[in-house]
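Step one of this worksheet: look at the structure below.
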Amino acid sequence: MNPLATRRAGILLHLTSLPGGGVCGTLGPEAYRFVEFLVAAGQSVWQFLPIGPTHDDGSPYQCLSLHAGNPSYISAELLVSAGWLEASLAEMPATPAIQQRLLATAYQGFMQRASEMDKRHYSEFVETNRQWLEDYALYAVLREAHHHASWIAWPEQLRDRDPASLQSARQQYRDALELIRFEQFVFSQQWRSLKEYANRHGVLLFGDLPIFVAHDSADVWAQRDYFQLDEAGRPTVVAGVPPDYFSATGQLWGNPHYRWERMEQEGFQWWVTRLRTQLQLFDLVRIDHFRGFEAYWEIPADHDTAMNGRWVSAPGDALFEVLRRHFDPLPVVAEDLGLITPEVEALRLRHSFPGMKILQFAFDGGPANPYLPHNHHHLAVVYTGTHDNDTSVGWYDSLSAEARNHVDEYLHSAGEPMPWTLIRAAMASVAILAMIPMQDVLELGSEQRMNIPGKPDGNWRWRFNWDQVGAGLAARLRHLCALYGRN
């Protein structure tokens with residue numbers, strides 16, 4: 001099934017932003033309640049940010065694994081329902097340390113009380129996912145043993161994956177490794193149940209795949225040959241973007257670049273495996289920084305800014321041809337924001353990937369601005385804003401009086417308040433999919449935004465509560481979907 005064969009609308013809400021008593025949202029009852037809200041509101045897509053285990057800053061775009069799920073999202077309530085955890089324990093405040101303790105207790109409950117079928121499913125999960133699971137489990141355990149230090153700071157034998165040293169570590173940390181396997185099994189089971197529930201109710205799950213990989217990750221540690229690293233495992237060149245209107249020195253992301261020639265020699269199997277994992281989790285996937293598949297900005301790793309990089313061609317066409325042979329249709333959305341050249345646009349169109357149209361970007365530069373609704377194309381996903389934007393209320397309030405008048409005139413607001421004029425414009429667009437951040441659905445201001453790019457602390461923590469959801473909100477969204485053919 002092609003998820004973009006018909007007009008749809010949905011809501012962007014990361015799993016962490018669901019209500020609940022823990023430190024972040026989980027795959028538990030609140031996730032099912034949100035699916036029910038989407039259905040009542042006529043929405044058929046739920047979009048997430050990347051769902052892998054994060055570093056201490058919580059950024060979902062720098063994950064410890066490309067394949068693993070974040071164990072923080074595991075629902076203690078569902079562990080109780082499965083019979084593997086006592087109800088009294090699930091009521092404890094879910095700090096990271098307590099979450100780890102609960103999972104360890106649930107593992108003991110699983111071993112003592114799980115059915116033979118559940119145990120068989122566990123064994124099958126471990127065997128089916130062995131290709132990535134064993135490396136991730138060992139990496140996670142060793143990283144914990146080394147106080148969260150990056151793998152390049154580990155003892156040389158472990159850093160360089162000396163076989164005898166790895167085997168010794170597997171014996172030493174045997175119980176901890178089994179707990180990591182169990183965590184990933186539980187995450188997979190809970191995610192699959194949520195996805196089945198959503199799909200059964202007509203809701204598709206929309207994921208997010210960053211183009212680059214965190215240097216401190218299981219994938220780079222275990223598969224160094226696919227990355228441009230020196231003998232000690234340090235990147236020789238790193239990713240970023242050049243100076244532009246927003247930054248005089250560019251953006252230095254620090255991710256290692258790929259050895260594309262090696263990947264191509266092996267038929268891009270690394271990417272096939274990566275995408276297969278994502279398409280087991282999601283019905284549709286956004287690829288972040290799509291322009292890097294046409295050419296990427298390569299910065300010497302010893303530079304402090306992104307200013308002195310260079311553009312290097314990437315084999316995007318060859319990669320997508322291989323992926324299309326494995327996955328038909330290839331349900332991919334291209335994040336084509338930023339410096340987009342005609343070559344990048346041609347790459348996207350050759351493979352029929354929808355691009356992104358951000359309405360907050362639409363009102364500078366005159367009537368030719370490609371983000372204005374009258375310039376949209378059906379092969380697009382339209383957003384009021386993204387997780388990196390201010391909320392639409394905050395954005396509008398920050399404009400000058402002249403700019404607000406221009407926005408009002410274009411949108412013909414007729415007294416309808418922001419952000420509903422922008423939401424209506426998104427729904428009315430010819431773009432095949434309209435996505436609205438939950439903050440805009442709830443009419444929230446700047447203090448409720450998810451991320452401020454360039455700000456090192458305090459991001460990724462926003463959560464909503466059901467008290468913010470007015471009685472008529474679902475009906476209002478459902479009416480707009482019906483009005484503009486997005487039911």
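Throughout, read-outs are computed from the coordinates displayed, never taken from laboratory work. Only a predicted model underlies this, so the values are computations on that prediction, with no experimental measurement involved. Don't worry about glycine lacking a Cβ; one is built from the backbone with ideal geometry, like all the others, and counts go over all protein chains shown.
Here the label points at residue 87 and residue 261, each 7 Å from Cα along the C-beta direction, are separated by 6.4 nm in the simple model.
The Cα center of the range 413-487 and the Cα center of the range 330-371 differ in position by 21 Å. As a proxy for reagent exposure, 473, 103, 79, 209 were ordered by neighbouring Cβ count within 10 angstrom, fewest first; the result is 473, 209, 103, 79. Can you spot the aspartates and glutamates whose alpha carbon is less than 17 Å from residue 195's alpha carbon? Ignore those fewer than 8 places along the same chain. Partners found: 30, 36, 208, 283. For residue 204, the amide hydrogen comes within under 5 Å of the amide hydrogens of 45, 46, counting only partners 5 or more places away or on other chains and with H modelled in the peptide plane.
Summarised as an ellipsoid, the range 81-145 has semi-axes of 23, 20, 7 Å, derived from the eigenvalues of the Cα gyration tensor scaled by 5 and square-rooted, with the largest first.
The Cα-based radius of gyration of the range 166-210, divided by its Kirkwood radius, gives an Rg/Rh of 1.25.
Each of the peptides 226-234, 365-373, 12-20 was scored by the mean count of other Cβ atoms within 10 Å over its residues; in descending order, highest first, they stand as 12-20, 226-234, 365-373. Screening the chain for whole DSSP H helices with an alpha carbon extent of at least 24 angstrom along the helix axis and a mean Kyte-Doolittle hydropathy of at least -0.5 yields 96-113. Summing +1 for each Lys or Arg and -1 for each Asp or Glu among the other residues whose beta-carbon sits under 15 angstrom from that of residue 208 gives -3.
Ranking of 195, 357 by neighbouring Cβ atoms within 10 Å, starting from the fewest: 195, 357.
Ratio of Rg to Rh for the chain: 0.96 [Cα atoms; Kirkwood radius as inverse mean 1/r over pairs]. Find out how many positive minus negative residues lie around residue 226, taking Lys and Arg as positive, Asp and Glu as negative, among other residues whose Cβ is under 12 Å from that of residue 226. Result for the neighbourhood of residue 226: -1. FRET efficiency for residue 244 and residue 123, Cβ-Cβ distance as r, R0 = 41 Å, nearest 0.05? Rounded to the nearest 0.05, the efficiency is 0.20. From least to most packed, judged by other beta carbons within 10 angstrom and beginning with the fewest, 392, 247, 88, 123 follow the order 88, 123, 247, 392. If you add up the charges near residue 452, with Lys and Arg at +1 and Asp and Glu at -1, over every other residue whose beta carbon is less than 9 angstrom from its beta carbon, what do you get? Local charge sum for residue 452: 0.
As a length-normalised measure over Cα pairs under 8 Å and 6 or more apart, the relative contact order of the range 50-194 settles at 25 percent.
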